[in-house]
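The values are calculated or read from the model by the stated rules, or taken from the named source; none is laboratory data. Being a predicted model, the structure only gives us computed values, none of them experimental. Cβ placement follows ideal geometry from the backbone for every residue including glycine, while neighbour counts extend to all protein chains displayed. Side chains included, ligands, DNA and RNA excluded: accessible areas come from the protein's heavy atoms. Shrake-Rupley method; radii C 1.70, N 1.55, O 1.52, S 1.80 Å.
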Amino acid sequence: MKRRSFLKNGALASLSLPFVQNGFSMQAIAKQLFEVPKSAEDKVLILIRMNGGNDGLNMVFPRDQYAELVVQRSNILVPENQILPLTTDVGLHPKMTGMQTLFNEGKLSVIQNVGYPEPNRSHFRSMDIWTTGALDINQTSGWLGRYFDSAYPNFPDAYPNVDYTDPFAISMGSEVSSTCQGLMGNFSHAVSDPFNSSNLLLTSVTNDGTYYGGQIEYISTLINQTNEYGQQISSAASAGNSLSGMYDPLNPLAVQLKYIAQMISGGLKTKVYILNVNGFDTHDAQVDQNDVKEGVHANLLKRISDAVRAFQHDLQLLGLEQRVAGLTFSEFGRQIASNGSMGTDHGDAAPLLLFGACVSNGVVGGNPQIPNQVNNQAGLSMQIDFRDIYASILKDWFEVDAQVIQGLFEQNITYYDLLQGCTNSIAQKPTVQQPQALVYPNPSLGQHHLKFFSVNEFVEVFLIDQSGKILQKSFEGQLNHGQQILSFEINVLKAGSYFYLLKSGSRQELVSFQKL
Amino acid sequence: MTPYTGPWTSAEAAHLLRRCTFGASYLDIQNAVGVGMLGAVNQLFFTGSVDQPLAYDAGEQIVPLGQTWVSAVYPTNTTANQQTEGARMKSLGAWLAKNLNQESLSLTEKMLFFWQNHFGVTTSGDARAMYQYLSLLRQHSLGNIKQMVKDVTIDPCMLLFLNGNTNTVFSPNENYGRELLELYTVGKGAQLAAGDYSTFTEQDVAAAAKIFTGYVVQGVRSDTQAQVTSQFMPVLHDTSSKILSYHFANQTISSAGALEYANYIDVVFNQTDTALYICRKLYRYFVNCDITVWVEQNIIADMAQTFVANNFEIAPVLMELFTSAHFYDISVRGAIIRSPLETLCAMLNTSNTTANFDLQSTYQTYLSMYGLADQMGQGYAAPPSVAGWTAYYQAPAFYRLWINSTYIKKRFDVANLLTSNGFNVNGNNFKIKVLDLLNGLSAPASAPQVVNDLCLVFFPKDIPAADQLAIKNILTGGLPDFEWTLQYNEYLADPTNPVFYNPVELRMQAVLNIMFKMPQFHVC
């Protein structure tokens, strides 16, 4: 008997979930669906997380409703004449001169009133919603993680490889980003200092001369050596350049953005960088009592504005402007009315800032409506669904097929024109002849939808398990010409891989999904 | 041995439990603090019982699913016979993993594992024989070791594993005799001359082989015998007098039939080397791999003396060790690199994460658990050789052999798996119950206290304050501490509402994920 006799034919938990199941080659289908266009492979997206709930009304001002703002938040309101005008109706906090410059150069978009239906004012839950890109409580993957899973199948087992030597995403700091959580692994790699190839999450590992210290040192060394991306990152950072003198070395965000400029210019193929700025939970002393345009929030805004301005300047000097775009986000905005502690409490929708040379528009969406009476606890209503912003970025920036994007999100997507300002660099995509059928959300838990196009014909939909056995006929009926969306309850299914077989006179098509 | 008389705090209690169990919870540690050192050590000698492995796999063709196969015949048909053996081995592997995961607060599993590694048995060809053998080890694991070695010598599984069943007067087989001396009792010392290993010679190997002749095994995968048995066949036994080497004072072992093996083992245990050899192995298993001259003279010698004085009862030796000043010395804390099974169990047992599904799913989950440890380099009852795992004996690296560039990645993969979605077996999800872990801490609503408690549970020594702060920032998501308090209290007020428990669960998973990837987690 062999050593591994316990495991013979054992039903083991594989560390990777197989996408290929009994005879159906899902990889072939995936390949065809999810080919990443060459022009999109060079694109870089920067995400800046404003952690704690950013007071959007103290960042982007509806200038046309200053009188109403006075009613709501006179104790913290920046004087009207100090607001930096962007348009007649929209202005920025006085500390955001950098962002104003970018706006005037056509490199900044203000996206107004972004949020989601039925807002949740818990930091933790709301941040999970923003990072998963889903309202479904059971969604465990991040919005970028789902995109990466679709574009780069078999992660993490198949990576890094000859074609993809670099991490797909880098999270600056010690924690990987939930936005990049895929089905089987997190696509982001935590980096505190790209010039130090150490992968250690925390840095204070020293050998104190005891047996313990020796073992810790041994394990640390091994962790370092096996950090497959460490060398790539530090070589890129060393080979890269930074040409702008505008970075403030005392501004941590500026330091990190400078690192990113160095990594990009050094040839690192990483597609997403995530940065984090803490401190936006400004319940009290949001502003300086003696000068309301100063204070905690003003400093945070200045830090972001200055850093992004320096970064954008650097990209311009490095000739990288057309490859990089960035987005700020926060888990929620704050309430319209200020509180008695010179601060603001948890609210709802807030503006996002989208920066880069390729932004399409200056202001996206209209100003929020500020009531002329204080309504306790009122936040700003959402006008733009944040998931639509994510979807639009995937479409404009990473040139993801609209069919694929729909599969990543639970809502019926509305696209916004966000990043089409450099259209000459965007290759024309071949038009899709016959759109593929698609299950979304996928993987799914409770209810999901099957979207496909039909001609005027009789269609049957069968549910098939991974062994190819037909479990049930999920639908049959005469359908008109056009897009169809069928909704199915799948609560009763055990976790695993399944397929829908669409059968009609004109086609026979198989579409896979995972039940969680 | 100098007894420990220093302070008895959670640091000492956690050290004891980390070394003596496969994973103690925060509550276990606090209880151990409460009952004092002697109380805590005494508790560890409580031996419970385990149920028998049950048939769960469709390959089993004799007993109904849900019943035990340990005393059941095999099918006559060859294919069916093989399928049944496959099913029983899977059941046994899953059962072993289950016992580790569901251990009581006792030394039993840890010592069972020690003996399993000590004898290095991996095979018998009959799952029932393997079960019987493991039951024998369990019975003696905290008991009389001389009796254990005697019983193991004529155990069917061992007879099959080291060819005792074909060792006859007509063709002596030295396999068991050699390993008994080299690996199980006196150990192999420096080579003094050709065939002379300080503690025994080739003459002793040949003599031992003759002494052990005559035992045969019956009933392997039998369709009529419900148990595998060993039997002494006088006609196959070498009745000559066996003369031992000068290391054994040239003693003669006279022919004594079925009892001769036991007489010989008495002689072997009279050798001081046997007690010293076993105590060194225990020391490396429980304390530290580096046996310095000081340790040899002050610790090993004392352990061996106690072992001999108590007629090879192991409990007094362990009791003395676990209450000694040396065991709690700061210099040996955190000196051991956790084995893969210890690593996996530390992730699971500390939160009492167990699989309690229907029979089939439970066994399949535990077989997967067995597989995860195997992928990290340690399949229970499947060491790479009869000498056991190299990490327990191979100088100078010892425990470091558990981790190399491949295995550290596997450890991280397993950490990623168990601190995220886990894995599913027939729709049953298995992942670390982070909320149970959290709720069992001293002050779950206080972010700094949560981190303090987790460090106590998972790390052998305090970590720098900056690292604690970094972990706390992951727990709070970078927010002020009071936001964690609010979130936790909201969850506590409505614990079954995913809107409240999900965010708490995610934060805890992120914290454990990062802690499991810190070097400090991999030592104990």
Exercise for review: May I ask for the accessible area buried between chains A and B, both sides summed, probe 1.4 Å, to the nearest 100 Å²?
Suggested key: 5500 Å²
**Study point:** Stokes-Einstein diffusion coefficient of region A:104-171, Kirkwood radius over Cα pairs, 10 °C, 1.306 mPa s, in µm²/s
**Key:** 106 µm²/s
Exercise for review: State to the nearest 20 debye the size of the charge dipole of the protein assembly as shown about its Cα centre, where the only charges are +1 on K and R beta carbons and -1 on D and E beta carbons.
Suggested key: 1480 debye
Study note, to complete from the structure: Among B:244, B:258, B:314, the residue whose Cα sits farthest towards the positive end of the charge dipole of region B:202-328 (+1 at Cβ of Lys and Arg, -1 at Cβ of Asp and Glu, taken about the Cα centre) is B:258
Point to revise | Euclidean distance of C-alpha centroids, region B:150-181 and region A:35-62, integer Å | key: 71 Å
Exercise for review: May I ask you to derive the relative contact order of chain A, considering only C-alpha pairs under 8 Å and at least 6 residues apart, and to give it as an integer percent?
Suggested key: 20 percent
Check your understanding: What whole-number value in cubic angstrom gives the convex hull volume per residue for the C-alpha atoms of chain B?
Key -> 152 Å³
Review point. Which FRET efficiency value, to the nearest 0.05, do you get for residue B:49 and residue A:509 by plugging their Cβ-Cβ distance into 1/(1 + (r/R0)^6) with R0 = 60 Å?
Key: 0.55
Study note, to complete from the structure: Counting all Cα-Cα pairs in region B:435-522, those more than 16 Å apart amount in percent to 49 percent
**Study point:** Positive-end residue of A:114, B:417, A:459, charge dipole of the protein assembly as shown with Cβ unit charges
**Key:** A:459
Review point. Could you name the lysines in cross-link range of residue A:302, using Cα to Cα under 26 Å and dropping any fewer than eight places away on the same chain?
Key: A:95, A:107, A:258, A:293
Check your understanding: Residue by residue, what Karplus-based ³J(HN,Hα) values in Hz, rounded to whole numbers, does region B:236-252 have, using 6.51, -1.76 and 1.60 with θ = phi - 60° and x for Gly and Pro?
Key -> 9, 8, 7, 8, 5, 7, 10, 9, 8, 6, 5, 5, 10, 6, 6, 5, 10
Exercise for review: Compute the distance in nm between two label points, each set 7 Å from the Cα along the Cα-to-Cβ direction, one at residue A:82 and one at residue B:170.
Suggested key: 10.6 nm
Exercise for review: Give me the Debye-computed log₁₀ of I(q)/I(0) at q = 0.09, 0.10, 0.11 Å⁻¹ for chain A, equal point scatterers on Cα only, no solvent, two decimals.
Suggested key: -0.72, -0.87, -1.02
Practice item. Give the carbon-plus-sulfur fraction of the accessible surface of region A:433-515 in %, rounded to a whole number; probe 1.4 Å, heavy atoms of protein chains only. Key: 47 percent
Check your understanding: Hey, what's region A:277-411 come to in accessible area per residue, 1.4 Å probe, Å²?
Key -> 31 Å²
Review point. Taking 0.36 nm per residue of separation and subtracting the Cα-Cα distance, what length does fully extending residue B:298 through residue B:330 add?
Key: 9.8 nm
Check your understanding: Semi-axes, largest first, in whole Å: what does sqrt of 5 times each Cα gyration tensor eigenvalue give for the protein assembly as shown?
Key -> 62, 34, 24
Point to revise | Environment charge at residue B:469 (Cβ cut-off 14 Å; Lys +1, Arg +1, Asp -1, Glu -1) | key: -3
**Study point:** Percentage, to the nearest whole number, of Cα pairs in region A:433-515 over 14 Å apart
**Key:** 60 percent
Revision key, fill the gap. Kirkwood-based Rg/Rh on the Cα set of region B:155-268 evaluates to 1.01
Check your understanding: Using alpha-carbon positions, what is the distance between the centroids of region B:474-520 and region B:341-412, in Å?
Key -> 28 Å
Check your understanding: Using alpha carbon centroids, what distance separates region A:447-516 and region B:1-75, in Å?
Key -> 50 Å
Study note, to complete from the structure: At R0 = 41 Å the Cβ-Cβ FRET efficiency linking residue B:255 and residue B:291, nearest 0.05, sits at 0.55
Practice item. Set the Förster distance to 45 Å, then compute FRET efficiency between residue A:288 and residue A:161 from the Cβ-Cβ distance, nearest 0.05. Key: 0.25
Point to revise | All-pairs Cα distance distribution in region B:1-87, expressed in whole percent, bin size 10 Å | key: 15, 30, 12, 16, 18, 9, 1
Point to revise | Cα-centred dipole magnitude for chain A, charges only on beta-carbon of K, R (+1) and D, E (-1), debye, nearest 20 | key: 1340 debye
**Study point:** Relative contact order computed over chain B (Cα-Cα under 8 Å; 6+ residues apart), in percent
**Key:** 17 percent
Exercise for review: State to the nearest 20 debye the size of the charge dipole of chain B about its Cα centre, where the only charges are +1 on K and R beta carbons and -1 on D and E beta carbons.
Suggested key: 520 debye
Check your understanding: Nearest 10 degrees, 0 to 90: what angle lies between the long axis of helix B:498-516 and the longest principal axis of chain B (Cα atoms)?
Key -> 50 degrees
Review point. Given H placed 1.01 Å from N in the peptide plane, which residues other than close sequence neighbours of residue A:327 have an amide H under 5 Å from its amide H?
Key: A:46, A:47, A:48, A:355
Check your understanding: Longest span of chain A, sites excluded, free of chymotrypsin sites (Phe, Trp or Tyr not before Pro) in DSSP loop with at most 16 other C-beta atoms within 10 Å?
Key -> A:196-414
**Study point:** Extreme residue, positive dipole direction of region B:435-522, given options B:463, B:442, B:509 (C-beta unit charges)
**Key:** B:463
Practice item. Starting from the Cα of residue A:451, draw a straight line to each of the lysines and keep only those under 19 Å, dropping any in the same chain fewer than 8 residues away. Key: A:395, A:473, A:503, A:515
Practice item. Among the aspartates and glutamates, select those whose C-alpha is under 12 Å from the C-alpha of residue B:98, and discard any that sit fewer than 8 residues away in the same chain. Key: B:51, B:109
Revision key, fill the gap. Taking region B:476-524, the whole-percent share of alpha-carbon pairs separated by over 16 angstrom is 48 percent
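On the accessible surface of region B:435-522, probed at 1.4 Å, how many percent belong to carbon and sulfur atoms?
58 percent
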Practice item. Could you work out how far apart the two model spin labels at residue A:255 and residue A:494 are, taking each label as a point 7 Å from the Cα in the direction of the beta carbon, and quote it in nm? Key: 5.3 nm
Exercise for review: For every other residue with a beta carbon closer than 15 angstrom to the beta carbon of residue B:178, add +1 if it is Lys or Arg and -1 if Asp or Glu, then tell me the sum.
Suggested key: -3
Practice item. Report relative contact order for region B:155-268 in percent, whole number only (criteria: Cα-Cα under 8 Å, sequence separation at least 6). Key: 25 percent
Study note, to complete from the structure: Under the 7 Å Cα-to-Cβ spin-label approximation, residue B:315 and residue B:71 lie apart by a distance in nanometres of 2.6 nm
